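The values are calculated or read from the model by the stated rules, or taken from the named source; none is laboratory data. Given the structure is predicted, the values throughout are model-derived calculations rather than measurements. Note: ideal-geometry Cβ built from the backbone for every residue, glycine included; neighbour counts use all protein chains shown.
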């Protein structure tokens with residue numbers, strides 16, 4: 001899953017980026033409202049973490065304009081202000097949630113997971129396709145009763161596929177959601193990771209669950 005952080009405190013932004021990447025998210029950072037709007041309009045993100053007090057264009061204006069442009073990416077608003085009026089303003093401009101600084105990183109992660117679940121059919125932290133189960137909170141993946149050891153990138157790709165069961169997911173879609181803006185595209189990179197994931201799930205069953213759709217991409221088969 002890919003997240004855009006908009007925060008002019010570069011030290012804080014770097015800390016958040018590192019923490020989110022350690023939890024298997026692909027992360028881009030920008031430091032002002034103009035860049036935030038450009039990135040959100042030109043790339044596909046699963047979530048935007050948006051500070052209110054940023055230069056060039058504040059977070060409230062960015063949020064409002066993104067909603068006017070029908071960009072419905074979930075937005076988690078960050079601010080140092082903790083009054084009811086400030087929270088109401090943020091939510092009324094189109095933000096989905098609100099987090100006051102300073103905050104515990106564990107709370108940020110909980111809110112991130114909640115927002116990413118919001119558009120899904122299940123509100124549980126568990127994703128399942130057949131006998132394959134993924135826990136987005138603990139990041140544990142199990143096939144039947146066996147714990148599967150995945151790298152960070154393998155986990156990210158598998159989670160994305162499991163969030164879109166039975167849908168054809170193109171290689172470009174996987175690249176967009178699993179790598180950040182600085183990815184140097186390699187033609188067979190996604191195929192390499194899919195092959196590794198299949199082998200780890202099960203050399204035979206993995207091929208049946210993750211199907212190759214010739215000329216299109218992959219499908220996570222739930223039946």
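A count restricted to the stretch 16-45 and to residues that are farther than 17 Å from residue 111 by Cα and touching a helix residue (DSSP H, G or I) at 6+ places or on another chain (Cβ under 6 Å) stands at 7.
Take residue 62 and tell me if it is touching a strand residue (DSSP E or B) at 6+ places or on another chain (Cβ under 9 Å), outside the structural domain of residue 139 (by TED's automatic domain parsing) and modelled with pLDDT under 95. No, not satisfied.
When the residues of the stretch 1-19 are filtered to those that are within 17 Å of residue 58 (Cα to Cα) and part of a strand (DSSP E or B), which remaining residue is nearest to the chain's Cα centre (by Cα)? Restricting to residues being within 17 Å of residue 58 (Cα to Cα) and part of a strand (DSSP E or B), the top hit is 4.
Being out of contact with any strand residue (DSSP E or B) (no Cβ under 6 Å at 6 or more places or on another chain) and either buried (at least 23 other Cβ atoms within 10 Å of the Cβ) or over 19 Å from residue 163 (Cβ atoms) (or both) is true for just one of 23, 32. Which residue is that? Exactly one of 23, 32 is out of contact with any strand residue (DSSP E or B) (no Cβ under 6 Å at 6 or more places or on another chain) and either buried (at least 23 other Cβ atoms within 10 Å of the Cβ) or over 19 Å from residue 163 (Cβ atoms) (or both), namely 32. Checked against (1) in contact with a helix residue (DSSP H, G or I) (Cβ under 9 Å, 6 or more places away or on another chain); (2) on the phi < 0 side of the Ramachandran plot, residue 56 passes all but condition (2). Of everything listed in (1) closer than 23 Å to residue 164 by Cβ; (2) in contact with a helix residue (DSSP H, G or I) (Cβ under 9 Å, 6 or more places away or on another chain); (3) buried (at least 16 other Cβ atoms within 10 Å of the Cβ), the single unmet condition for residue 115 is (2). Helices (runs of 4 or more DSSP H) fully within the stretch 20-95 that include at least 1 residues being closer than 22 Å to residue 175 by Cβ and within 16 Å of the chain's Cα centre (by Cα): 33-42. Residues of the stretch 96-110 that are free of Cβ contacts under 8 Å to residues at least 40 places away in the same chain and in a helix (DSSP H, G or I): 106, 107, 110.
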